[in-house]
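Throughout, read-outs are computed from the coordinates displayed, never taken from laboratory work. Keep in mind that what you see is a predicted model, and the values were worked out from it rather than measured. Positions of Cβ are generated from backbone atoms using ideal geometry, with glycine treated the same way; all protein chains shown enter the neighbour counts.
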Amino acid sequence: MKTIKTAVLGYGYWGPNIVRNLNKLSGTEIKYIVDLDQQKRNQASEDYPSIEVTSNADDIINNPDIDALVIATPPSTHFGLASKSLANGKHVLIEKPIAQTSKDSQKLIELAKDNDLILMVDHTFIYSGAVKQIKSILKNRELGDLWYVDSVRINLGIIQKDVNVVWDLAPHDLSILEYIIEANPVSVSATGLSPENYVGAPLEGIAYLTIKYDNGVLAHLHLSWLAPVKMRRMMFGGSKKFLVYDHLDPEHQVKIYDKAIGKTPEGNYQILSERKEGDMYAPKIDQKEPLEEMVEHFIESISTNQSPISDGISGRNIVIIIEAAINSMENDGVEIKL
Ligand SMILES: NC(=O)c1ccc[n+]([C@@H]2O[C@H](COP(=O)([O-])OP(=O)(O)OC[C@H]3O[C@@H](n4cnc5c(N)ncnc54)[C@H](O)[C@@H]3O)[C@@H](O)[C@H]2O)c1
């Protein structure tokens, strides 16, 4: 099978993780790492002496020897770099968010379609063992009907320069929700707070989003760059059971609590089971690094010419929700219909 020759644009915080995982794969070879910053280029040369390092993305985008580009630069550069790459016949894997407007996201989808190319977004978490397991638990109706999802994704920084906390963190929750609950969002309301007074940054560093889905699920996301504790916790409340997904729990990422409210024969609601030892179980989770699974899926999608799970459409769906959330934040949290 032909070796897929790739280049990675951006070697800041996330780019090195992409390179580390892509470099492990067979069937592909990283030919270039590109970064505008001299220090990052020096670091890349030190980390990977056999990979060529350069500052000029255009040269690489125009290089006929390159089959695919991975874009790990800041969100404000995604559309420009991705549209040029697709127009030049390159398959593209782009970091979340795919672009900064749904219009630009749609243009990328069309460019990929017209040129018969793979366009994929790095929605990392949907490639994790935990999220795949939760999807199957919900599909098997172990939780009963899913009623609500409560997510807390908070930590201290990194405060991004070109986007607010919603653009930075919400793609994780929204892509997990899209993948797991397989329903369409119908409305979003959001409120946010700018950390200007704390750190001099102009964009919202805390946000609360409420999203309603067409299957009745209610989701609430708490996002923050200003919390001194790091939490990555999603809670799924069902009619029969309650599931907690704690991405940072090294032992039990997923826990299922056998506790529910149900009707008594007389028609009253009551707690069906009491809180006690044995009410919870934690299934075994595949611990393969999600990013490895993600880059593998990109290369496989190119080889088989199959649309990836997190394709351009999925990327655009997430951007549509974020646009509505920002619209709501700018209008005192009013509910925006999608
Ligand atoms: N999937 C995840 O879990 C995850 C986690 C963190 C970041 N990200 C995403 O990764 C992307 C990058 O984020 P980051 O935190 O690494 O940012 P960063 O600022 O640390 O790094 C970006 C790098 O891109 C370089 N760059 C900018 N414009 C360039 C250009 N035109 N050509 C070449 N290099 C260029 C910069 O010099 C910088 O080194 C963002 O889209 C972010 O949302 C994803």
Check: For Glu266 and Ala87 in the same chain, what is the full-extension length gain: residue separation times 0.36 nm, less their Cα-Cα distance, in nm?
Finding: 57.8 nm
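In the structure displayed, which of Lys2/Lys113; Lys84/Lys161; Lys5/Lys84; Lys139/Lys255 lie more than 20 Å apart, Cα to Cα?
Details: Lys2/Lys113 22 Å; Lys84/Lys161 24 Å; Lys5/Lys84 17 Å; Lys139/Lys255 16 Å.
Correct reply: Lys2/Lys113; Lys84/Lys161.
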Next item on the list: Give me the Kirkwood hydrodynamic radius of region 1-124, using the inverse of the mean 1/r over all pairs of distinct Cα atoms, in Å to one decimal.
Entry: 14.4
Notebook entry, point to check: So which trypsin sites (Lys or Arg not before Pro) in region 131-167 pass both tests, a DSSP loop state and at most 13 other Cβ atoms within 10 Å of the Cβ?
Noted result: Arg141, Lys161
Item checked: Pair Asp47, Asn331: separation of 7 Å Cα→Cβ label points (nm) -> 4.2
Checklist line | Leading residue at positive end of dipole, the chain (Cβ point charges), from Ile126, Ile98, Leu243 | finding: Leu243
Checklist line | Global size of region 42-198 as Cα Rg and Dmax, reported in angstrom | finding: 18.7, 54
Check: Against the longest alpha carbon principal axis of the chain, how many degrees, from 0 to 90 and to the nearest 10, is the axis of helix 129-139 turned?
Finding: 50
Notebook entry, point to check: What does the charge count near Ser76 come to, summing +1 for each Lys or Arg and -1 for each Asp or Glu among other residues with Cβ under 14 Å from its Cβ?
Noted result: -2
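Using the Cα atoms as the points, what is the convex hull volume per residue of the chain in Å³? Can you show the working numbers first?
Numbers: hull volume 53.1 nm³, N = 338.
Enclosed volume per residue, from the Cα hull, is 157 Å³.
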